[in-house]
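> Have a look at this one before I ask anything.
The values are calculated or read from the model by the stated rules, or taken from the named source; none is laboratory data. These numbers come from a predicted model, not from an experiment. Because the Cβ atoms are built from the backbone with ideal geometry, glycine has one as well, and the counts that use them run over all protein chains shown. Note: accessible area is taken over every heavy atom of the protein model, side chains too, but ligands, DNA and RNA are not part of it. Shrake-Rupley method; radii C 1.70, N 1.55, O 1.52, S 1.80 Å.
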Amino acid sequence: MKLVKTTEAVGQVLCHDITQIIPGVKKDAVFRKGHIITEEDIPVLLSVGKDMIYIWENDETMLHENDAAEILYHMTAGENMHPSEVKEGKIEVIADSDGLLKVDRERLKKVNSFGELMIAARHGNTAVKKGDKLAGTRIIPLVIKKEKMEKASEICSDAPILKILPFTMKKAAVITTGNEVFYGRIKDGFTPVIEKKINEFGVEMAFHETFNDDDKKITKGCLDAVNAGIDIIFCTGGMSVDPDDKTPLAIKNTGADIISYGSPVLPGAMFLLSYYKKDDRIIPICGLPGCAMYNKRTILDLVLPRLLANDMITSDELASLGEGGFCLNCDVCTFPNCGFGKGW
């Protein structure tokens, strides 16, 4: 690569895309890598601030930004992803399927600490759809030493940074609890909310029972759902510390492994997560506090994509939700300040 005066570059080959920015109109490459500069191109190049221009000179020890972006793409992308066209030295990673995005944060940090190269990814543990952009890759300079790219590639030699886990759960149960609903004193406003949220992931509510505040009946209802082949169970209501709130006891008495009763998330502090094991199946049983019925975003929105992708959640991971776990229930999630927008 050689730097020459733009006015003296006629006939030379551009070694990188030249970007033109017109505020409010466009930001795009006005000339592409490999373009042979003509006399008519000189005023355009000068208008975008290019008094000097890089032209191509072969150097076997260096990699061009487009070639380096290809390497970074393969370090980043897992199965069910494809690359965008390389543009201005950047390649974007695009999802080929719906699912839960997982990001290997340690590898990502190591790569981005290497210097002269970068990978910018969406937050992990969030739901993505086919066609979504997941990440962008590029080097910072126009060229980089091959040796440096080879060393960076070793970080991802056995696995890429990103992967998509499919949503495997298809059938859900809702166990509605509470005397007020069971005896018809109030209408069940909880079940439609849960059904709407799970339907967005292609999950059917295939089992529904309503019980009064009788822990033995609630326990039996959960076990009946398990025996009916249900993949995930949501118990609604009865999750506070009042003496007549029996749902946590009922879930415990199923024999499920309680991961956490309580979460550092508002709304959602009284959330309960457990896993029930039957043969080779692991069925999440969740106790949902009342806030999930009337708040737009709660703890349920954070854990649901992981639960439906059968991505086991630990107590430590739930504890980590404290930072960003205070939701303002605004119209739009504004990551990175809010856990409900940034994933975990």
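> Using the crude model of +1 on Lys and Arg Cβ and -1 on Asp and Glu Cβ, and no other charge, please compute the dipole size for the range 25-70 relative to its Cα centre, in debye to 20.
340
> Binning at 10 Å from 0, report for the range 87-242 what percent of all alpha-carbon pair distances ends up in each bin.
Binned Cα distances yield the sequence 9, 27, 21, 16, 14, 10, 3, 0.
> Need one number: nm distance between label points at Ser153 and Glu180, each 7 Å from Cα along Cα→Cβ, rounded to one decimal.
Roughly 6.3 nm, to one decimal.
> How would you order 296-303, 113-120, 188-195 from highest to lowest mean count of nearby Cβ atoms within 10 Å?
Ranked by mean Cβ neighbours within 10 Å, highest first: 296-303, 188-195, 113-120.
> Rounded to the nearest 5, what % of the DSSP beta bridges within the chain are antiparallel ones?
Of those bridges, close to 75 percent are antiparallel.
> What is the distance, in nm, between label points placed 7 Å from the Cα along the Cα-to-Cβ direction at Val10 and at Asn227?
8.9
> Follow-up. Relative contact order for the chain: what percent, with Cα pairs under 8 Å and sequence separation of 6 or more?
13
> First select every other residue whose beta carbon is under 13 angstrom from the beta carbon of Ser47; then total the charges, Lys and Arg +1, Asp and Glu -1.
That works out to -2.
> Let me ask something additional. So which lysines pass the test for Lys110, namely a Cα distance under 29 Å, with those fewer than 8 places away in the same chain ruled out?
Excluding near neighbours in sequence, the set is Lys87, Lys90, Lys102, Lys129, Lys130, Lys133, Lys145, Lys146, Lys148, Lys151, Lys163, Lys342.
> Ranked highest first by the average count of other Cβ atoms within 10 Å around their residues, in what order do 100-112, 316-328 fall?
Descending mean neighbour count gives 100-112, 316-328.
> Ignoring everything except DSSP H segments at least 4 long, calculate the 222 nm mean residue ellipticity for the chain; use -39,500 (n - 2.57) per segment, divide by total residues, nearest 500.
Here the helix-only value at 222 nm equals -7000 deg cm²/dmol.
> Where does the range 241-289 land on Rg(C-alpha)/(2.2 N^0.38 Å)?
Dividing the Cα Rg of the range 241-289 by 2.2 N^0.38 Å gives 1.18.
> Over the chain, give the accessible area per residue in Å² for a 1.4 Å probe, as an integer.
For the chain, the solvent-accessible area averages 50 Å² per residue.
> Let me ask something else. Report Rg(Cα)/(2.2 N^0.38 Å) for the range 168-225, keeping two decimals.
Cα Rg divided by the expected 2.2 N^0.38 Å: 1.18.
> Once you place label points 7 Å from the Cα toward the Cβ at Asp311 and Arg105, how far apart are they in nm?
1.2
> Any idea of Thr126's accessible area? Nearest 10 Å², probe 1.4 Å.
30
> Figure the gain on full extension for Glu40 and Glu200 (residue separation times 0.36 nm, minus the Cα-Cα span) and round it to one decimal in nm.
52.2 nm
> Ignoring ligands, DNA and RNA, what percent of the accessible area of the chain is carbon or sulfur (1.4 Å)?
52
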